[in-house]
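**Student:** One structure, as structure tokens, below. Some questions next.
The values are calculated or read from the model by the stated rules, or taken from the named source; none is laboratory data. Because the structure is a prediction, the values reported are computed rather than measured. Using ideal geometry, Cβ is built from the backbone for each residue, glycine included, and neighbour counts are taken over all protein chains shown.
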Amino acid sequence: MTRLLLVEVRRFFARDIVRLFGLILVGGIVLITIGSFLSSLPMTPAEAAEADEQIRANRTDMEEQILQCRNPPPATEQIEMMEQQGMPPEFIERMRIDAERDRTRRECLDQLQTSVNGRLIFARTYPSNIQLAIFPMALMSLAIGATLIGAEWTTGTVTTQLTWEPRRLRLFSVKALVAALGVLATFVALQALMAVSLLPGTLLRGTFAGIDRWWWEHYLDIVWRGGAVLAIACLLGFGVSGLIRNTVAAVGGLFAYLLIVENILRAVTQDLRQWLITNNLLVAVLPDGSRIIPERSAEEALLLLSAYVFGILVLSGFLFWRRDVAG
């Protein structure tokens, strides 16, 4: 098992598509770093100290608001007023849910003021850049996952592998595990590279003020949700490609469904919006994503997406186990 796992890990990072996407991400980080540095302003030590103090004061003032967001007061009076004004029931229900939802914690943390006088504020720039990178990385992860199994069916590599590892379900499971762990490792490397790239600009033209327990909570919230989305996207591509046995068809079919079919379904009826993949992805990633599906939290969206992917993987694994390899 260990040997098979190590072989698949080496094969994962040796793939051309993984290296290509890695270079694209590095290039994007370089451009973001240059842009952040050029858009910031140099400051004297006195101005820097004053800006740091202002940031700390702003954060202190925001703590009470954060606590209010975590424990929002009852919205009974506001809802009664809207009912008296004859507002639509759907709007009133959304307002009630928004007032009672715990999701407001992320919104408040995301709105903290951490920029002063054009300085490069690490506490704001770093998590924002990580969050922006999640969407393109999710598309890349989907393509990588599809390639890991689809390309091997096309080239006939699966037949060769099964000669020295005939246990099909074991081989399929290891490939899926390596796919998810590979994109997660890439996500971790991206965060480290992003942090290192922002250090020069922060030291010369910025500040590390604002990195406290509130910041760490906000940052870790972004990281775990982003990592979960990337793993789900990768396994989605892996499972569909395993069903079709072709990378191009799997990626093309998924993009067509996500971008065309789901938009049509969204326009035809609102009853399906809470079950659509794209809607749940937005709920899971965006700080205020639950406005898209008011009755669903990020955790619930991730659980639903995981259930979708698990079902696809089970079907794909079953066919991998039962179908003729040469078929």
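**Student:** Tell me, which residue of the stretch 143-169 that is β-branched (Val, Ile, Thr) and crowded, with 23+ Cβ neighbours inside 10 Å is nearest to Phe320 (Cα to Cα)?
**Tutor:** We begin by selecting, within the stretch 143-169, every residue β-branched (Val, Ile, Thr); these are 144, 147, 149, 154-155, 157-160, 163.
Subsequent filtering for residues that are crowded, with 23+ Cβ neighbours inside 10 Å retains 144, 147, 149.
On the way: Ile144: 19, Thr147: 16, Ile149: 10 Å.
Ranking the candidates gives Ile149 first.
**Student:** Sticking with this one: So which pairs qualify, if the first residue must be in the stretch 1-12 and in a helix (DSSP H, G or I), the second must be among the aliphatic types (A, V, I, L, M), the Cβ gap must be under 6 Å, and the two must be at least 6 apart or on different chains?
**Tutor:** Leu4/Val174; Leu5/Val174; Glu8/Val174; Glu8/Val178; Val9/Val178; Phe12/Val178
**Student:** If I filter the stretch 303-322 for residues that are touching a residue at least 40 places away in the same chain (Cβ under 8 Å), farther than 18 Å from Leu177 by Cβ and assigned to a loop (DSSP other than H, G, I, E, B), do I get at least one hit?
**Tutor:** No.
**Student:** Give the residues of the stretch 286-301 that are at pLDDT 75 or above and either outside any helix (DSSP H, G or I) or farther than 17 Å from Leu272 by Cα (or both), sorted by residue number. Lay out the reasoning, then the answer.
**Tutor:** Of all residues in the stretch 286-301, those at pLDDT 75 or above come to 286, 292-293, 296-301.
Leu286, Ile292, Ile293, Arg296, Ser297, Ala298, Glu299, listed by residue number.
**Student:** For the list (1) closer than 26 Å to Leu203 by Cα; (2) modelled with pLDDT of 80 or more; (3) buried (at least 17 other Cβ atoms within 10 Å of the Cβ), I need the number of the one condition that Ala123 fails.
**Tutor:** (2)
**Student:** Just checking, how many residues over the stretch 179-212 are closer than 18 Å to Gly226 by Cα, in contact with a helix residue (DSSP H, G or I) (Cβ under 7 Å, 6 or more places away or on another chain) and hydrophobic (A, V, I, L, M, F, W, C)?
**Tutor:** 9
**Student:** Which pairs do you get when a residue that is free of Cβ contacts under 8 Å to residues at least 12 places away in the same chain and of a type in the set (Val, Ile, Thr), found in the stretch 147-158, comes within reach of a residue that is surrounded by fewer than 18 Cβ atoms within 10 Å (Cβ to Cβ) and not in a helix (DSSP H, G or I), reach meaning Cβ atoms under 7 angstrom, with the pair 6+ apart or on two chains?
**Tutor:** none
**Student:** Oh, and also: Looking only at residues that are farther than 27 Å from Pro127 by Cβ and in contact with a helix residue (DSSP H, G or I) (Cβ under 9 Å, 6 or more places away or on another chain) in the stretch 252-264, which one is surrounded by the most Cβ atoms within 10 Å (Cβ to Cβ)? If you could, list the steps in order and put the result at the bottom.
**Tutor:** Going residue by residue through the stretch 252-264, those that are farther than 27 Å from Pro127 by Cβ are 252-257, 259-264.
Next, only the ones that are in contact with a helix residue (DSSP H, G or I) (Cβ under 9 Å, 6 or more places away or on another chain) stay: 253-255, 257, 259, 262-263.
Details: Gly253: 17, Leu254: 22, Phe255: 13, Tyr257: 14, Leu259: 10, Glu262: 18, Asn263: 12.
Within the stretch 252-264, the match that is surrounded by the most Cβ atoms within 10 Å (Cβ to Cβ) is Leu254.
**Student:** Of the conditions (1) out of contact with any strand residue (DSSP E or B) (no Cβ under 8 Å at 6 or more places or on another chain); (2) part of a helix (DSSP H, G or I), Ile211 fails just one. Which one is it?
**Tutor:** The failed condition is (2).
**Student:** Next question, about the same structure. Here is a list of conditions, (1) farther than 25 Å from Ile29 by Cα; (2) without any contact (Cβ under 8 Å) to a residue 40 or more places away in the chain, and Trp224 meets all of them except one; can you say which number that is?
**Tutor:** (1)
**Student:** Follow-up. Could you pull out the residue among Ala267, Ala249 that is modelled with pLDDT under 85 and either in a helix (DSSP H, G or I) or crowded, with 24+ Cβ neighbours inside 10 Å (or both)?
**Tutor:** Ala267
**Student:** When Ala284 is evaluated against the numbered criteria (1) among the aliphatic types (A, V, I, L, M); (2) over 15 Å from Gly227 (Cα atoms); (3) buried (at least 19 other Cβ atoms within 10 Å of the Cβ), which criterion, by number, is the only one it fails?
**Tutor:** (2)
**Student:** Which ones in the stretch 270-285 are at pLDDT 80 or above and in a loop (DSSP other than H, G, I, E, B)? It would help to see each step written out before you state the result.
**Tutor:** Here is the first cut: in the stretch 270-285, the residues at pLDDT 80 or above are 272-285.
Within the stretch 270-285, Leu272, Leu276 meet the criteria.
**Student:** Do you know which of the residues in the stretch 213-237 that are farther than 22 Å from Leu282 by Cβ and touching a helix residue (DSSP H, G or I) at 6+ places or on another chain (Cβ under 7 Å) is modelled with the lowest pLDDT?
**Tutor:** Per the criteria, the residue is Trp214.
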